[in-house]
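Here is the structure we will look at.
Bear in mind that the values in this text are calculations on the coordinates, not laboratory data. These figures come from a predicted structure and were not determined experimentally. Note that each Cβ is placed from the backbone with ideal geometry, even for glycine, and that neighbours are counted across all protein chains shown.
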Amino acid sequence: MIASITTGKCPKCEKGEIFATTGNIFLVRIPKMHTHCSECGYAFEKEPGYFLGAMYVSYALTVIEMLTLFFLTFWFVPLWAFFVIIFGGLLLFSFFNYRVSRILWIRLFPY
Ligand SMILES: [Zn+2]
């Protein structure tokens, strides 16, 4: 199950891909999702607004990441470098969080 979360596989058949593209932060290309599983036809978005809840998962992931960056950097680098690291981390983790939060949301409420 953990492997299918990290690879983004369908929660039902574990074969089809959830995301069509991984996105690219440097080209500002948001990851694109398939509407249905290519293998079993499983609908990833059950209803309009289904992924609203994934925002809470994304928020939790962001808090964990930023607290980790805080404890790793705050006392060891100058203040300006700390802010660069925090805001850089926010940007770099944003697309990762987008994908992982949706995959986790599908896993948490699969049917
Ligand atoms: Zn499937």
What order, most packed first, do the peptides 24-37, 55-68, 91-104 have when packing is the mean number of other Cβ atoms within 10 Å of each residue? 91-104, 55-68, 24-37
What helix-only [θ] at 222 nm does the chain give? Using -39500 (n - 2.57) per DSSP H run of at least 4, over all residues, to the nearest 500, the answer is -17000 deg cm²/dmol
Using Cα-Cα distances under 8 Å and only pairs 6 or more residues apart, what relative contact order does the stretch 1-100 have, in percent? 25 percent
Could you give the angle, 0 to 90 degrees to the nearest 10, between helix 54-73's Cα long axis and the longest principal axis of the Cα atoms of the chain? 30 degrees
Between PHE76 and SER94, 0.36 nm times their residue separation minus their Cα-Cα distance comes to what? 4.0 nm
Quick check on the stretch 13-60: take the gyration tensor over C-alpha atoms, sort the square-rooted eigenvalues as a ≥ b ≥ c, and tell me if it's rounded (a/c under 1.5), prolate or oblate. oblate
How large are Rg and Dmax for the stretch 2-108 when calculated on the C-alpha trace, in angstrom? 16.1, 52
Give the residue list of GluC sites (Glu not before Pro) in the stretch 17-58 that are DSSP loop and have at most 16 other beta-carbon atoms within 10 angstrom. GLU39, GLU45
Spacing of the two label points (7 Å from each Cα toward its C-beta) at TYR59 and SER4, in nm: 2.9 nm
